[in-house]
Amino acid sequence: MRQQRRQTSLSMRQQRRQTSLSMRQQRRQTRSRDETTRGNESQLETTAKGKTSLSWRQQRRQTSLNRRQQRMQTGLNRRQQRMQTGLNRRQQRMQTGLNRRQQRMQTGLNRRQQRMHTGLSRRQKRKGMF
């Protein structure tokens, strides 16, 4: 029962952490997207006035920004995956530990019960009850 409760609380915590991470990620993405669109708007205004010399520079900046975004994105994903696997491993380790402890306790109880039982039967035999 305690084990189950611990397991559920762990998974809940994990989910919460996961959602908060993804939310943060989305916020970051939207922020950077807004910044890039703002840059594009100003660029369009200048080109409408007849200045075309800035467009290629703007494009270069845009591509570099996109690359940076992608790099950040992949880094975040990798970090998330690493964290996820770490959590899973920790959970499994805890789980196995609990199971081992339970088994040990169980076997101990069984041995004790058997010992008690055999002791009783021997005593009974000695007293001549059988």
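The numbers here are math on the coordinates, done by the rules we state, and not lab data. Quick caveat, the model's predicted, so the values are computed rather than measured. For neighbour counting, all protein chains shown are included, and Cβ atoms are generated from backbone atoms with ideal geometry for every residue, glycine included.
Taking the Cβ-Cβ separation of GLN70 and ARG16 as r and a Förster radius of 25 Å, what is the calculated FRET efficiency to the nearest 0.05?
0.35
Could you estimate the translational diffusion coefficient of segment 58-112 from the Stokes-Einstein equation, with Rh from the Kirkwood formula over C-alpha pairs, at 25 °C and 0.890 mPa s, in whole µm²/s?
Working: Rh = 14.9 Å.
Here the translational diffusion coefficient equals 164 µm²/s.
Could you calculate the FRET efficiency of GLN26 with ARG101 from 1/(1 + (r/R0)^6), where r is the beta carbon distance between them and R0 is 41 Å, rounded to 0.05? Intermediate results must be reported in sequence, preceding the final value.
Details: r = 41 Å, r/R0 = 1.00.
The formula returns an efficiency of 0.50 here.
Please find the FRET efficiency linking ARG89 to THR118, where r is the Cβ-Cβ separation and R0 is fixed at 41 Å, and quote it to the nearest 0.05.
Efficiency, rounded to the nearest 0.05: 0.45.
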